[in-house]
1. Report the residue count in region 32-60 for those that are surrounded by 10 or more Cβ atoms within 10 Å (Cβ to Cβ) and either of a type in the set (S, T, N, Q) or under 20 Å from the mean Cα position of the chain (by Cα) (or both).
2. Report whether or not Ile12 is surrounded by 11 or more Cβ atoms within 10 Å (Cβ to Cβ) and of a type in the set (A, V, I, L, M).
3. Say we look at region 1-22 and pick out the residues that are assigned to a helix (DSSP H, G or I) and over 25 Å from the mean Cα position of the chain (by Cα); which of these is farthest from Leu84 (Cα to Cα)?
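Please treat every number below as a calculation from the coordinates, not as lab data. If you're wondering where the values come from, they're calculated on a predicted model, not measured in any experiment. Note: ideal-geometry Cβ built from the backbone for every residue, glycine included; neighbour counts use all protein chains shown.
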Amino acid sequence: MERCLDTAKEAIEKLSEAMDVYQEAEKSIAKLFSYYGSVQWMQDYEADEQGKLPEDLKRGVLSEDAVYDLIIENRELVLKMMNLATAAVRNRTI
């Protein structure tokens with residue numbers, strides 16, 4: 001049981017830290033998702049296609065797959081968090 005206590009304590013501390021980091025990033029995530037597919041994104045994408053952006057500029061946000069994949073990963077993560085929280089309530093672990 002002592003091992004269970006240690007394992008649970010470590011997991012809860014790590015999850016809490018990760019949740020804090022995620023919560024801080026939520027504004028950036030929302031801003032990115034709003035930008036993706038917007039008129040501004042289309043203009044930036046076209047400027048990149050026309051070679052108008054500096055060559056040393058990072059442009060992962062202009063690749064259609066990078067942001068879309070992040071949207072899907074975020075959705076799956078949020079659903080996982082919801083399922084874990086629901087299971088914790090059902091199992092009376094909270």
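1. Residues that pass the stated criteria total 11.
2. Working: surrounded by 11 or more Cβ atoms within 10 Å (Cβ to Cβ): no; of a type in the set (A, V, I, L, M): yes.
Criteria not met by Ile12.
3. Going through region 1-22, the residues assigned to a helix (DSSP H, G or I) turn out to be 2-22.
Checking the rest, the ones that are also over 25 Å from the mean Cα position of the chain (by Cα) come to 2-7.
Numbers: Glu2: 23, Arg3: 22, Cys4: 19, Leu5: 19, Asp6: 20, Thr7: 17 Å.
Going through the qualifying residues, I end up with Glu2.
This table checks each residue for (1) touching a residue at least 40 places away in the same chain (Cβ under 8 Å); (2) assigned to a helix (DSSP H, G or I); (3) touching a Pro at 6+ places or on another chain (Cβ under 8 Å).
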position: Glu46; (1), (2), (3): no, yes, no
position: Lys52; (1), (2), (3): no, no, no
position: Asp56; (1), (2), (3): no, no, no
position: Val61; (1), (2), (3): no, yes, no
position: Asp65; (1), (2), (3): no, yes, no
position: Tyr68; (1), (2), (3): no, yes, no
position: Asn74; (1), (2), (3): yes, yes, no
position: Met81; (1), (2), (3): no, yes, no
position: Ala87; (1), (2), (3): no, yes, no
